[in-house]
């Protein structure tokens with residue numbers, strides 16, 4: 001089962017909070033941004049991590065310093081500059097499409 005359902009769930013959650021979707025799965029030379037959004041004047045790069053169980057660690061454990069750095073480099077690449085208001089966030093999804101819970105974190 002792929003994580004497309006988790007990304008869709010995360011996107012719906014953020015749009016309900018007023019975020020505007022600018023793009024999904026934006027690829028750059030540094031990696032990929034799962035959800036590229038805007039919250040007012042601030043651009044938001046959202047990493048979505050989903051785990052069915054804790055057997056391979058939690059979704060939060062998958063957000064390593066290397067992953068965080070690659071997301072930031074991708075943001076700068078997409079914007080073409082680093083002086084605009086940007087925020088990094090994560091939506092952690094625990095469970096399956098039928099039974100899940102969501103955790104929304106600001107990483108700044």
Review point. When you go through (1) surrounded by fewer than 14 Cβ atoms within 10 Å (Cβ to Cβ); (2) in contact (Cβ under 8 Å) with a residue 24 or more places away in the chain; (3) under 14 Å from the mean Cα position of the chain (by Cα) one by one for residue 96, which number turns out not to apply?
Key: (3)
Check your understanding: Looking at the stretch 1-18, which of the residues that are at pLDDT below 95 and assigned to a loop (DSSP other than H, G, I, E, B) is farthest from residue 78 (Cα to Cα)?
Key -> 1
Exercise for review: Collect the residues in the stretch 1-22 that are surrounded by fewer than 17 Cβ atoms within 10 Å (Cβ to Cβ) and closer than 23 Å to residue 97 by Cβ, keeping them in residue-number order.
Suggested key: 1, 2, 3, 4, 5, 8, 12, 13, 15, 16, 17, 21
Review point. In the stretch 74-96, is there at least one residue being modelled with pLDDT under 85 and within 19 Å of residue 4 (Cα to Cα)?
Key: yes
Check your understanding: What is the one condition in (1) under 10 Å from the mean Cα position of the chain (by Cα); (2) surrounded by fewer than 17 Cβ atoms within 10 Å (Cβ to Cβ); (3) in contact (Cβ under 8 Å) with a residue 40 or more places away in the chain that residue 47 does not satisfy?
Key -> (2)
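The values are calculated or read from the model by the stated rules, or taken from the named source; none is laboratory data. Since the model is a prediction, treat every value here as computed from it, not as a measurement. Don't worry about glycine lacking a Cβ; one is built from the backbone with ideal geometry, like all the others, and counts go over all protein chains shown.
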